[in-house]
Structure formats: structure tokens, C-alpha cells
Amino acid sequence: MMYMEGDEGHDERGSREEWTLLFWTSLAVIVPVIITLWCSTQRSKRKTHMKDFFRKSKHGWHYTDLFNKPTYCCVCSQHILQGAFCDCCGLCADEPCLRRADRSLPCKEIMAPARPDGAPEHRWVRGNVPLASYCAVCKQQCGTQPKLCDFRCVWCQTTVHDDCMASLADAEHCDLGEFRSLIIPPHYLYHVNKLRRRHPDEYSKLASSCGSGWTPVLVLANTRSGNNMGEALLGEFRTLLNPVQVFDLSELTPPKALQLCTLLPPGSVRVLVCGGDGTVGWVLDAIDTMKLKGQDQFIPRVTILPLGTGNDLSNTLGWGSGYAGEIPVEQVLRNVLDAEVVKMDRWKVQVASKGLYFRKPKVLSMNNYFSVGPDALMALNFHTHREKTPSFFSSRIINKAVYFLYGTKDCLVQECKDLDKRIELELDGERVALPSLEGIIVCNIGYWGGGCRLWEGMGDEPCPPTRLDDGLLEVVGVFGSFHCAQIQVKLANPVRLGQAHTVRLVLKSSRMPMQVDGEPWAQGPCTITITHKTQVLMLYHSAEQTDDDDDDESSASETENLADWNYNFPALSV
């Protein structure tokens, strides 16, 4: 009996231990899961709350989990690793001090009265000065102490030591710094808002207070182009310029952004487009709309900061084949100041589908080139896959690699062979006999295919020079994808078919891939007519930073009501 009782007690203890082990094991699994879910929910709530707070704030706050340099809170002066910074005025704050910073420390004002003598005032922000900053008084380096110290003016970017501030000559007067001729001063918009008569002559009178040679620049950035650098560039330009001059094209379309031109002196405005050739075409179409609205006198000159994949127009105009941050934004603005104005032809591409006589022809604008054949097929395949998985195509290198893969595939399949039997080509009304081609390319600019000089080729055959403003198109043929690759590495020349003022192509049968400035589609039997549309004013740059230099440039685009543009800036009534 005693043995049985001891046995039962042992079983009972073992069972209790098993349940205890099971309980703690379950707890060890469930508790971390609950904590993780709770943290995830809290993080999501916090993110939504912060986004709502940032949206209502007058600052351009951006939250970061890790500052890339030693940073101090402008409210409590403590060192911070994570927090928020304003990309307009440079204010930094940790999360507990964020609301206080938003209330008590004002941001850059896009519109404000000047001093009684008409000069702008400094707007000082303490601490976190840029690296390698030097004091305007003693010329020694600023921001070297491990604490919140020294001042920076958010307009002229002048930096001063705490101890030297009292010695700064005319500490109230701000000359807006190196880029004063590109900045729209707050006092200018303040006076425009007070004008009873909105007339170009009034704007020209007000411009005299901004100094001689004042050519304000508007920055229009596509944050989805190329290597997704647009977001960072927007912040850097807002730091150097008036935030009202800097537009994110994912939030405001070019027609609305360009309405700011109508509040500035006629013929004075420059537009810097940060994006690919497609973004530039979008802006030029918006400028064309300005012409249709009778706003010709306000049309700006257009320049490019190339963020896309091909960037052939940028290369032709001397701005390089792609920007990856190799030069600072300050140098970009200096290049804009030094650029010269040139004219560039724009063309109308009319596509009339065969048999659809009652449907209006498809009309497109062309700045770079039109093509039918293997390069259009590569663009179409690329475009189709990018629409399905846009996140994969966020790198310029990946984009070019995908193009290469599609080109290699077409070398084997040859989907566009016997093009000469399917297409008729007319140059200025004269029929051109075609050799056994797979593709035809009609060029307006000097570059094609991401940096290849197509018309000149290797330069071993004499050919008429290309110009951007001569009203002529250059027409060439290619024998296939492999021939295109040979042309790009300068191992072969294209087939030069001629130059013309008007180009007409008739696709007699089957479907063929086509593209205009990188925008591809598959087209059935049709007649394509390319005629001169207009000339636009572009900015041309020749400098060491570019890969090559070439001809000329242009600008044209569409625009809308200032009331639409003004929803972003309600303080500026129109």
C-alpha cells in the first residue's frame, strides 16, 4: 500500500511539472507574439498620428530613425539619434519636443514684408550648421563643438559663431546669398499679393527690388524617376530657395505648378526639371497649354537635372547622361545660372489607324525620337513589366540590365523582321526604297538609346550635321537588336535614310511595336505622319561635369488656373 501511494504521488508531481513546463513554454511563445503585435499596432498608430501632425504643420517635417551626423534638438539642446527635421529651415527636434518646436520656432516664410528700407531680414536658426561651415566674422569653422551651437541664416546660408553674432556687420540685413538671382524673395510675393492691378508691367516694377539680372528658377521634381533621388533633392532645393519655388510632381501637376510663372516678370523664369525625358515632355506639354491660353509672355526657359534611365534629351543639351549626386545641388544651381538659351523643335506625331475613318487620329508630341522595330519592342516589354512590378524598377542600373535582357531575347526571336515589306516610308512626299530592315528611327536630337550619337555614327562617312532648331528630322534604319547594340558600342553605323521636314510611314499589315520618347505601344495597320509643331526655349550647358556637349535646347508645356495652383499656398490669394 505504501508503495502504491508513493507511486501515485510521483505521477502527480510529474503531471504537475509537465503542466508547468507546458504553461511556461506557451507563455514564452505567446507573450513575444502579443508584444510584437502590440508594438506593431502602436507603431502604425504613431505613424498615422505623426503623418497627420506633419500634414497640418507649417514646417516641412521629415521623420528619421537615425541622423547621419551629430544632431542636437533645437528645443532641449540634447543630442538626438532619431527625431524629425525640417527640410525648409533645417530645424531639428526629438519626438517629445516636436510639438513645442512646431509652435515656438517659425519656419521659412514664403511671403513676408521687407524691412522699411526694402531689404530682406536674416532668419537665424541655431545649431546643426552644415559641415565645413565657416563663420562670416572670424572665418573659423562653425559647428565644431559637441553641443547645440552657432547660427545659420535659412535664406543666405551665412553661418556665425554664438560669440561672433554681436560683431556681425548689419546683422539684420540679408542679401539672400549666392543664389539671390534665383530666389523668389518673400517680400516680392507679399507685394504681388497687395497689387490691385495684376499686370506684367507691375511685376517688372516689383522685380527692380530684387536686383538686376533676377531670373527666378522653379524646381519641378519627379520623385519616381531613375534612382528615386527626387525626394532628397526636393529637400535640398527647399533649403537653398524659397519653398514656394519647389514642386513635387507626384503632388502637383506641371500645369498647376507653372502658374507661378504668371506672377513673375515676363521672360525671366527658368524651370529646372528633375526627372527623365518623359518628365521633361510632360512639362513641355504644360508649357504648350500656356501658349494656347495666351500666356506666351510668361513662358519659362527649361533646363534638366537627369534622373531617368535614358536621358537622351539631357545629354543633347549638355546636362549629362544621368545625375547620381556626383556634384552638389549648389553646383547644379550655378550651372543653371551660367546656361545659355537655345531653341528646340517639337514635332506632332499623328497616328491614323487603318479602317477607323470615324475615329480621331491619335496625336502625340515628340521631342526626342519616334521609332518602330526592335528598340520600341524592348521599350514595350520593359514598360509592361514595370507596370506590373514598379518597385523592382527603382534603379537605373537594373533598368538598363532589363533592357539588355530584352534586347538579347529579340536577337534570337527577331519579332520585327521583314519590316521593309510591311512599311512604306516617305520623306517630304518622296518614297524611299528600304533595304531589308527590322527598324526605323526618326530623330530630332543628337542622342539616342541612352547616349549614342545615332546620325553621326562613328564619323567615318560624311553626313549633314544635326541641329535642334533646323526644322529637320534625321531618319535611319537598323537591321535588328544586335545591330542596335553594335551601334551603341560604336562597332557599326545605322543605315542613313535621309533628312526631312515631314515624315510619313504607312504600316500595311500586322501589328508592330512603336514608341515616342520612350512611351511604347503595339500598333496595327495605320498611317503615321510627323510634322513640325512648335519651337521651345531650352537652356544649354557645356561644362566638365557632362559626358559630352552638343547642340541646342527648348521648352514648351501646359498650364492651369492659378486658383488650382494656389490650393497649396492659400496665403497667396489671386
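Key figures for this structure:
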| quantity | calculated |
| --- | --- |
| Per residue accessible area in Å² of the stretch 180-338, where ligands, DNA and RNA are left out and the probe is 1.4 Å | 32 Å² |
| Projected label distance in nm at Thr20 and Ser208, using a 7 Å step from Cα toward the beta-carbon | 9.5 nm |
| Rounded if a/c under 1.5, otherwise prolate or oblate - the stretch 141-201, Cα gyration tensor axes | prolate |
| Largest to smallest principal axis extent of the C-alpha atoms in the stretch 180-338, angstrom | 46, 32, 27 |
| Computed label-point distance, nm, for sites Ser436 and His199 using a 7 Å Cα→Cβ extension | 7.1 nm |
| Over 26 Å (Cα to Cα) - which of Lys291/Lys354; Lys293/Lys360; Lys108/Lys343; Lys58/Lys291 fall in this group | Lys291/Lys354; Lys108/Lys343; Lys58/Lys291 |
| Fraction of accessible area attributable to carbon and sulfur, the stretch 46-132 (%, probe 1.4 Å) | 54 percent |
| Computed E for Thr48/Ser104 - FRET, C-beta separation, R0 22 angstrom, nearest 0.05 | 0.30 |
| Protein accessible area in the stretch 180-338, 1.4 Å probe - carbon and sulfur % | 47 percent |
| Probe 1.4 Å, protein heavy atoms only - accessible area per residue of the stretch 57-108 in square angstrom | 51 Å² |
| Sequence of Val536, Val363 when ordered by accessible area, the most exposed leading, probe 1.4 angstrom | Val363, Val536 |
| Packing-based order for 309-322, 512-525, using average beta carbon neighbours within 10 Å, highest first | 309-322, 512-525 |
| Given charges at Cβ of Lys, Arg, Asp, Glu: the stretch 110-269 dipole, positive-most of Tyr190, Leu218, Pro255 | Pro255 |
| Equivalent ellipsoid semi-axes, the stretch 57-108, via Cα gyration tensor eigenvalues times 5, rooted, Å | 16, 12, 9 |
| Under 17 Å from the Cα of Lys194 - lysines, other chains or at least 8 residues apart | Lys205 |
| Extension gain, Ala119 back to Glu330 (0.36 nm per residue minus Cα-Cα distance, nm) | 73.6 nm |
| Eligible lysines near Lys147 by straight Cα distance, threshold 22 Å, same-chain separation 8 or greater | Lys69, Lys139 |
| Ranked packing of 95-108, 442-455, 21-34, most packed first, by mean Cβ within 10 Å | 442-455, 95-108, 21-34 |
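The values are calculated or read from the model by the stated rules, or taken from the named source; none is laboratory data. Predicted model, so just to flag it, every value in this text is computed and none were measured. Reconstructed Cβ throughout: ideal geometry from the backbone, glycine too, with neighbour counts over all protein chains shown. Remember, those area values only see protein heavy atoms, side chains included, never the ligands or the DNA or RNA. Shrake-Rupley method; radii C 1.70, N 1.55, O 1.52, S 1.80 Å.
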